[in-house]
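Step one of this worksheet: look at the structure below.
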Amino acid sequence: MGDIKKYVLALDQGTTSSRAILFDHSGNQISTCQKEFTQFFPQQGWVEHDPMEIWSSQENVMREAIKSVGTDEIAAIGIANQRETTIVWNASTGEPIYNAIVWQDRRTSEYCDSLKVDDISIKIRQKTGLIPDAYFSATKICWILKNVPGAAEMAERGELRFGNVDSWLVWNLTKGKVHITDVTNASRTMLFNINTLEWDDDLLRLFGIPESMLPKVCSCSEIYGETEIDGKKIAIAGIAGDQQAALFGQLCLEPGSVKNTYGTGSFLLMNTGENPVISKNNLLTTIACQIDGKTTYAIEGSIFVTGSAVQWLRDGLGILEKSSDVEALACSVPDNGGVYFVPALTGLGAPWWDQYATGTIVGITRGITAAHIARATLEGIAFQVMDIVQAMEKDAGVSLKEIKVDGGACVNDTLMQFQADVISTTVIRPTVTETTALGVAYLAGLATGFWSSIEDLKNNKGIDKKFEHRMPLEKLIKLRSEWHNAVNRTVSK
């Protein structure tokens, strides 16, 4: 190591904010900068971002984080990003031809319904590990090509580029010299064959997408190119979709290890080793990581709305001044008062996969207060995770002994204790909860020799707190039953 470089910079580009975090060799956070950006909702069920604002917000926090140490101290940059969010831009000018269509967006739901016929759905599942859903990138690209004037013709002439947010950031960081993605992001497009590790010709034809639009697919840990900051060149050397980055940051490196991230949505991933496992319980199969030529797979349960439900309490209902107030408000009542909130604000993800479900609050009586709604919101987050855990246990044929947690909401002790109770499993919160950023810092640092090996990373593991389940079985059975009654009222089918 010597004293050549002291830090790795992680760019964590999320759904509601862009962040930049500096980590030292021990995995400690040295500097963190964050900037929120605008959410656009042009029609019901549509969610968009301005790609230029994504880039400018990320560039600003990157420069701000580096200020504290200087560019000479930075060994490499790693990128974690909101997955599936789709950007199409002009290859010559670098200008987006439409807003970024966000992973939460449901505008292509009817088109996805049309794919659930004959053997198309089965073929998509076998090739990609995914199910036809508006969540993924393929139908978003298709929508842009069909609805932006001249886009289809430009694409056929090879004038357009597609990327998820990782590709967009690398393109801008390298001033248009590098158009790449990594296998984890590629595996979320519904265009990438996770068995052959290539873009799939059959799926490109199905969706009418020219291959010339697509980025080159790379591993998660290698030097992709360089960016220049204040006259100094820094290697871009690690990329992973945010959830896979968190899995790596939690060092869930053995088959059967599990993590759950509490962000805008929540995403539970289980490492399944070097062979893809197709779920029989409506979970997704995805690529967890590729490093040193070894590809690792995972099964995943995707929940669309968790942290954003708390934001809705703040911005939509106005019962919170700031999101962090939710715990104190929820704890001001002894229980949920019989209220259950199914936060299907953008449909229901796994294991229900209902694109048309809308949010439901049941059990409201005259005595219900804002505190009960706040408590039901936290419990609704935990119940959704519970449903994923139960599906995952069926797929794996085991009972989970523990899950590792991260993301903004995991600092909420009330939520974490309730989570441990309803899944009857130990919940482990690490010392560093920014494991998404830490994961891509690790990947970038491994590629550049900042860390010598994965074994080197294990010295950085630290546990902040363990939450053990303690709820009486009779109460647990009652809560689970009433939650599923609320879900049954929510689903559209």
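Would you point out which residue out of Gly337, Gly301 is in contact (Cβ under 8 Å) with a residue 12 or more places away in the chain, of a type outside the set (A, V, I, L, M), surrounded by fewer than 24 Cβ atoms within 10 Å (Cβ to Cβ) and in contact with a helix residue (DSSP H, G or I) (Cβ under 9 Å, 6 or more places away or on another chain)?
Only one candidate passes the filter, namely Gly337.
For segment 42-61, the condition of being more than 22 Å from the chain's Cα centre (by Cα), in a strand (DSSP E or B) and buried (at least 16 other Cβ atoms within 10 Å of the Cβ) holds for none of the residues. Return the pairs, sorted by first residue and then second, in which the second residue is crowded, with 21+ Cβ neighbours inside 10 Å and assigned to a strand (DSSP E or B), the first residue lies in segment 346-367 and is among the charged types (D, E, K, R), the beta carbons are less than 9 Å apart, and the residues are 6+ apart or on different chains. Sorted first by the residue in segment 346-367, then by its partner, the pairs are Asp354/Gly347; Asp354/Leu348.
Screening Met52 against (1) closer than 22 Å to Gly249 by Cα; (2) out of contact with any Cys (no Cβ under 6 Å at 6 or more places or on another chain); (3) among the hydrophobic types (A, V, I, L, M, F, W, C) leaves a single unmet condition, (1). Flag: Gly78 does not match the condition of being within 23 Å of the chain's Cα centre (by Cα), of a type in the set (Gly, Ala, Ser), surrounded by 16 or more Cβ atoms within 10 Å (Cβ to Cβ) and in a loop (DSSP other than H, G, I, E, B).
Residue count for segment 385-402, restricted to those that are under 17 Å from Val277 (Cβ atoms) and either part of a helix (DSSP H, G or I) or of a type in the set (Lys, Arg) (or both): 9. Evaluating Gln417 against the criteria (1) within 15 Å of Asn260 (Cα to Cα); (2) of a type outside the set (Phe, Trp, Tyr); (3) exposed (fewer than 15 other Cβ atoms within 10 Å of the Cβ) leaves one unmet condition, (3).
Rundown of residues vs (1) among the aliphatic types (A, V, I, L, M); (2) modelled with pLDDT of 95 or more, yes/no style:
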| position | (1), (2) |
| --- | --- |
| Asp113 | no, no |
| Asp118 | no, no |
| Leu197 | yes, yes |
| Leu206 | yes, no |
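The single condition among (1) in contact with an Asp or Glu (Cβ under 8 Å, 6 or more places away or on another chain); (2) touching a residue at least 40 places away in the same chain (Cβ under 8 Å); (3) not aromatic (Phe, Trp, Tyr) that Lys294 does not meet is (2).
Pick from segment 324-334 the residues that are surrounded by fewer than 17 Cβ atoms within 10 Å (Cβ to Cβ) and assigned to a helix (DSSP H, G or I): which of them is modelled with the highest pLDDT? Among those that are surrounded by fewer than 17 Cβ atoms within 10 Å (Cβ to Cβ) and assigned to a helix (DSSP H, G or I), it is Ala328. Going by the structure shown, is Ile74 at pLDDT 95 or above and either more than 22 Å from Thr261 (Cβ to Cβ) or out of contact with any Phe, Trp or Tyr (no Cβ under 7 Å at 6 or more places or on another chain) (or both)? For Ile74, the condition - at pLDDT 95 or above and either more than 22 Å from Thr261 (Cβ to Cβ) or out of contact with any Phe, Trp or Tyr (no Cβ under 7 Å at 6 or more places or on another chain) (or both) - is not met. Counting the residues of segment 259-287 that are closer than 20 Å to Thr189 by Cα, of a type in the set (Ser, Thr, Tyr) and assigned to a strand (DSSP E or B) gives 3.
Scoring Trp89 on the criteria (1) touching a Leu at 6+ places or on another chain (Cβ under 6 Å); (2) under 24 Å from Pro210 (Cβ atoms) leaves a single failure, condition (1). Looking across segment 442-493 at every residue that is β-branched (Val, Ile, Thr) and over 20 Å from Lys259 (Cβ atoms), the one that is surrounded by the fewest Cβ atoms within 10 Å (Cβ to Cβ) is identified as Ile477. Quick check, is Gln243 modelled with pLDDT under 95 and farther than 30 Å from Ser114 by Cα? Answer is no for this residue. Checking Thr227 against (1) closer than 23 Å to Glu53 by Cβ; (2) polar (S, T, N, Q); (3) assigned to a loop (DSSP other than H, G, I, E, B): exactly one of these is not met. Which one? Thr227 satisfies all of (1) closer than 23 Å to Glu53 by Cβ; (2) polar (S, T, N, Q); (3) assigned to a loop (DSSP other than H, G, I, E, B) except (3). Quick one: in segment 166-184, of everything that is touching a Gly at 6+ places or on another chain (Cβ under 9 Å) and crowded, with 24+ Cβ neighbours inside 10 Å, which residue is nearest to Met52 (Cα to Cα)? Among those residues, the one meeting the criterion is Leu169. Does at least one position in segment 207-219 carry a residue that is assigned to a loop (DSSP other than H, G, I, E, B), crowded, with 24+ Cβ neighbours inside 10 Å, touching a strand residue (DSSP E or B) at 6+ places or on another chain (Cβ under 7 Å) and touching a residue at least 40 places away in the same chain (Cβ under 8 Å)? There is no residue in segment 207-219 that is assigned to a loop (DSSP other than H, G, I, E, B), crowded, with 24+ Cβ neighbours inside 10 Å, touching a strand residue (DSSP E or B) at 6+ places or on another chain (Cβ under 7 Å) and touching a residue at least 40 places away in the same chain (Cβ under 8 Å). Of everything in segment 135-162 that is of a type in the set (Gly, Ala, Ser) and loosely packed, with under 14 Cβ neighbours inside 10 Å, the residue that is nearest to Phe267 (Cα to Cα) is Gly158.
Residue-level check: of (1) in contact with a strand residue (DSSP E or B) (Cβ under 7 Å, 6 or more places away or on another chain); (2) modelled with pLDDT of 85 or more; (3) closer than 24 Å to Gly249 by Cβ, Ala350 misses just (2).
The values are calculated or read from the model by the stated rules, or taken from the named source; none is laboratory data. Just so you know, these numbers come straight off a predicted model, no measurement behind them. Quick reminder, even Gly has a Cβ in these numbers, built from the backbone with ideal geometry, and neighbours come from all protein chains shown.
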